[in-house]
Amino acid sequence: MSNKVALTGNEAVAYAMRQIDPDVVAAYPITPQTDIVQAFSQFVADGKVKTEFVTVESEHSAMSATVGASAAGARAMTATSSQGLALMWEILYITSSLRLPIVMPVVNRALSAPINIHCDHSDTMGARDAGWIQLYSENAQEAYDNTLQALRIAEHPDVLLPVMVCQDGFITSHALENLVVEDDEFVREWAGPYKPDMALLDLDKPMTIGALDLQDFYFEHKRSEIEAMNNAGRVIRAVGEEYGRKTGRTYGFLEPYRLDDAEIAIVVLSSTAGTARPVVDALRADGIKAGLLKPRMFRPFPAAEIARALEGRKAVAVMDRAEAFSGMGGPLFPEIRSALYDTEKKPIMVNYVFGLGGRNTGTRDIKRVYDELALVAKTGRYDRLVTYLGVRE
């Protein structure tokens, strides 16, 4: 049985973690993620979970302790944001390379300097090539649902990779929303027991973790990790469909909105998709064929699905809440542009970098993007490949 509740995005994730009841959680607080581990530590103190909660001196230590627990055979989780994720950098690669199915909620926040505690996606986009699956959440409901699904995705024997469950700092993490949560028994059955095929503490199957791996086998081990990421797409789809059958909330790779006959379209992650939908509706009411595409996952990258969704549009704007410092705008843009390279009916594509450091992006800003897209579609050309939306130039 499901229940309707009012929770913030952080509370929704902590609620899901309580229901999962992992063996070990090692964490360090950092704004705006702090509420997740604070709420979960209260569940531990109140005896509502059996989790061993490890308080550590840094995020590097949090990830290291989580890796140790997972390698030993425990179901392990942690959570972080921004500089905390950056401090974990070394261990992020170790986690994925050791094929440890750790689930880590990440509350997106700008990276310093200057110091900023508000939302952009520079933290997780910086970690996009670390071998972690990345799921992005528009609201508290999706943050809750993605956390439950991430567990099954990570632990699938064809995957065995860590997963980041991302949500926008303060915009989603601290906003109180109505959502549906499943009952504890459902989640217990959904998660099931964790029985890794191999673990350091399994004396019947001796194994080595973290050995020196030079020219002879390093490439092969990386190749197996690549295959695991390739398998992840199939598993993510299957888990999303199963979750939909059981809860009524089905998840795939992408969420299109009024895109079927759209001539102009925006692609954007997370909470800003919610800002864009009423703009699309208003434009449609005025006879303008506008659409929206919200990717749910960024790793593995759903190139074929994105190409099918966007092929045939006249003009597309990819909106990035991060800057890649490549001279080509944000990190989402070149990958989506590349996905359309082999299509016969490629749209003209432009990039908008927006919202860095939590800069507000409202419906008026989204309307400006669509207005400029309409001009691009009409003229067949653009003045700027990359526009920094809302910045004082």
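Say we look at region 192-225 and pick out the residues that are in a helix (DSSP H, G or I) and either charged (D, E, K, R) or not assigned by TED's automatic domain parsing to the domain that holds M17 (or both); which of these is nearest to R99 (Cα to Cα)? I'd like the intermediate steps shown before the answer.
Going through region 192-225, the residues in a helix (DSSP H, G or I) turn out to be 218-225.
Those left that are additionally either charged (D, E, K, R) or not assigned by TED's automatic domain parsing to the domain that holds M17 (or both): 220, 222-223, 225.
Numbers: E220: 14, K222: 11, R223: 12, E225: 7 Å.
Step by step, filter region 192-225, then rank; the result is E225.
Only one of these conditions is not met by R237: (1) part of a loop (DSSP other than H, G, I, E, B); (2) under 27 Å from R337 (Cβ atoms). Which number is it?
(1)
Consider I236 against the criteria (1) crowded, with 20+ Cβ neighbours inside 10 Å; (2) within 20 Å of Y382 (Cβ to Cβ): it satisfies all of them except one. Which criterion is unmet?
(2)
From the set of residues in region 12-36 that are within 17 Å of the chain's Cα centre (by Cα), in contact (Cβ under 8 Å) with a residue 40 or more places away in the chain and assigned to a helix (DSSP H, G or I), which is farthest from A62 (Cα to Cα)? Step through it out loud before you land on a result.
Keep residues of region 12-36 that are within 17 Å of the chain's Cα centre (by Cα), which gives 12-14, 16-17, 32-33, 36.
If we keep only those that are in contact (Cβ under 8 Å) with a residue 40 or more places away in the chain too, we end up with 12-13, 16-17, 32-33, 36.
Okay, now just the ones that are also assigned to a helix (DSSP H, G or I), so 12-13, 16-17, 36.
Values: A12: 21, V13: 18, A16: 20, M17: 16, I36: 14 Å.
Within region 12-36, the match that is farthest from A62 (Cα to Cα) is A12.
For residues that are more than 22 Å from the chain's Cα centre (by Cα) and without any contact (Cβ under 8 Å) to a residue 12 or more places away in the chain, scanning just region 327-364, find the one that is farthest from G126 (Cα to Cα).
Per the stated criteria, the residue is R364.
Pull up region 310-365, narrow it to residues that are in a loop (DSSP other than H, G, I, E, B) and among the β-branched types (V, I, T), then point me to the one that is nearest to R109 (Cα to Cα). Let's see the steps before the verdict.
Here is the first cut: in region 310-365, the ones in a loop (DSSP other than H, G, I, E, B) are 311-314, 321-331, 340-347, 354-355, 359-362.
Now restrict to residues that are among the β-branched types (V, I, T): 343, 361.
Working: T343: 35, T361: 15 Å.
Out of the qualifying residues, it is T361.
Please return the ranges of strands (runs of 3 or more DSSP E) entirely within region 37-137 where 3 or more residues are under 20 Å from the mean Cα position of the chain (by Cα).
Numbers: elements: 52-55, 103-108, 133-136.
Here the list reads 103-108, 133-136.
Could you tell me which numbered condition A228 fails, if it satisfies all but one of (1) within 23 Å of L179 (Cα to Cα); (2) part of a helix (DSSP H, G or I)?
Here A228 clears every test but (1).
Out of curiosity, is A228 surrounded by 11 or more Cβ atoms within 10 Å (Cβ to Cβ) and in the same structural domain as E11 (by TED's automatic domain parsing)?
On the way: surrounded by 11 or more Cβ atoms within 10 Å (Cβ to Cβ): yes; in the same structural domain as E11 (by TED's automatic domain parsing): yes.
In short, yes.
Would you mind telling me which numbered condition in (1) surrounded by fewer than 19 Cβ atoms within 10 Å (Cβ to Cβ); (2) in contact (Cβ under 8 Å) with a residue 60 or more places away in the chain A303 fails?
(2)
Conditions (1) closer than 24 Å to F333 by Cα; (2) surrounded by fewer than 22 Cβ atoms within 10 Å (Cβ to Cβ); (3) free of Cβ contacts under 8 Å to residues at least 60 places away in the same chain, marked per residue:
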site: P101; (1), (2), (3): no, no, no
site: H118; (1), (2), (3): yes, yes, no
site: L135; (1), (2), (3): yes, no, no
site: R152; (1), (2), (3): no, no, no
site: D158; (1), (2), (3): no, yes, no
site: G169; (1), (2), (3): yes, no, no
site: P193; (1), (2), (3): no, yes, yes
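Exactly one condition in (1) within 15 Å of V235 (Cβ to Cβ); (2) at pLDDT below 95 is not met by K195; state its number.
With respect to (1) within 15 Å of V235 (Cβ to Cβ); (2) at pLDDT below 95, K195 is out only on (1).
Give the residues of region 242-271 that are touching a Ser or Thr at 6+ places or on another chain (Cβ under 6 Å) and either surrounded by fewer than 17 Cβ atoms within 10 Å (Cβ to Cβ) or outside any loop (DSSP other than H, G, I, E, B) (or both), sorted by residue number.
Listed by number, the list holds a single entry, G244.
Can you name the residue in region 285-309 that is under 28 Å from V391 (Cα atoms) and outside any strand (DSSP E or B) and is also farthest from the chain's Cα centre (by Cα) among such residues? Reasoning before the result, please.
First pass over region 285-309, keeping only residues under 28 Å from V391 (Cα atoms): 288-298.
Subsequent filtering for residues that are outside any strand (DSSP E or B) retains 288-289, 296.
Numbers: I288: 31, K289: 29, R296: 7 Å.
Here the answer is I288.
The values are calculated or read from the model by the stated rules, or taken from the named source; none is laboratory data. Everything quoted here is computed from the prediction, not taken from an experiment. Here Cβ is always computed from backbone atoms with ideal geometry, including for glycine, and neighbour counts include all displayed protein chains.
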